[in-house]
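Undergrad: I have a structure I would like to understand better, so I am pasting it below and will then ask my questions one at a time.
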Amino acid sequence: RQWPVQLKLLNPAAEYFDDADLLVSADCVAHAYGSFHRDLLDGKILIILCPKLDSDVDGYVEKLAEIFRRHTIRSVTVARMEVPCCGGTVEIVRKALEMAGKSLEINVKTVGIDGEIQ
């Protein structure tokens, strides 16, 4: 339903964010969890990032906040790996919601290193 999916490349004004269910996913999740498309992505707009390897985390918070400010977002799911560095994925979304002045529940799906949702 959309292109691109990498947060750095997304246009916050894109119409596909209108009334969207968002899936904010760490890069590794789609490769570690074999049923990613069926179980997590179906019906959602995808945003991917890596809180450990990407250098502009503050920019990510600002860009996500802009998306939250510009659009009515129905739901936010965060997909992360169980490893500690992936916790930053949830924190980025929380900070962006706060910066945008929005209050949405964040549904967190954690994938273990065994490839299963915990």
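Undergrad: Run down the lysines and flag those whose C-alpha is under 18 Å from the C-alpha of Lys63, throwing out any fewer than 8 positions away in its chain.
TA: Straight-line reach from Lys63, under 18 Å: Lys8, Lys52, Lys95, Lys102.
Undergrad: Now, a different point. On a 0 to 90° scale, report how tilted helix 87-100 is relative to the longest principal axis of the chain, with both axes built from alpha carbons and the result rounded to the nearest 10.
TA: The helix 87-100 is inclined about 10 degrees to the chain.
Undergrad: Sticking with the crude label model, points 7 Å out along Cα→Cβ, report the distance from Glu15 to Gln2 in nm, one decimal please.
TA: That separation, rounded to one decimal, is 1.5 nm.
Undergrad: How large is the Kirkwood hydrodynamic radius of the range 1-57, counting all unique pairs of alpha carbons, in Å?
TA: 12.1 Å
Undergrad: Could you tell me the relative contact order of the range 1-101? Use alpha-carbon pairs under 8 Å, at least six residues apart, and round to a whole percent.
TA: 37 percent
Undergrad: Per the helix-only calculation at 222 nm, which mean residue ellipticity applies to the chain, given -39500 (n - 2.57) for every DSSP H run of n ≥ 4 and division by its residues, nearest 500 deg cm²/dmol?
TA: Helices in the chain give a 222 nm mean residue ellipticity of -8000 deg cm²/dmol.
Undergrad: Another one. With every protein chain kept in place and ligands, DNA and RNA left out, what is the accessible area per residue of the chain? Probe 1.4 Å, answer in Å².
TA: 54 Å²
Undergrad: So the label point goes 7 Å from the Cα of Glu91 along Cα→C-beta, right? Which residues of the range 61-78 then have their backbone N under 13 Å from it?
TA: Counting backbone N atoms under 13 Å from the label point, the list is 61.
Undergrad: Considering the options Pro84, Leu40, Trp3, tell which one lies farthest towards the positive end of the dipole of the chain, charges being +1 on Lys and Arg and -1 on Asp and Glu at the Cβ, about the Cα centre.
TA: Of Pro84, Leu40, Trp3, it is Trp3.
Undergrad: Return the lysines within reach of Lys109: Cα separation strictly under 16 angstrom, same-chain partners fewer than 8 residues apart disregarded; answer none if there are no such residues.
TA: Lys44
Undergrad: Still on this structure, please answer the following. Given N residues in the chain, what is Rg(Cα) / (2.2 N^0.38 Å)?
TA: 0.97
Undergrad: Spin-label point model (7 Å from Cα, Cβ direction): what's the Asn107 to Arg38 distance in nm?
TA: Roughly 1.8 nm, to one decimal.
Undergrad: Would you work out what percent of the accessible area of the range 1-44, with all protein chains in place, is carbon or sulfur (probe 1.4 Å)?
TA: 50 percent
The values are calculated or read from the model by the stated rules, or taken from the named source; none is laboratory data. Computed from a predicted structure; not experimentally measured. Virtual Cβ from ideal backbone geometry, glycine too; neighbours counted across all protein chains shown. Areas reflect the complete protein model, heavy atoms only, side chains present, ligands, DNA and RNA absent. Shrake-Rupley method; radii C 1.70, N 1.55, O 1.52, S 1.80 Å.
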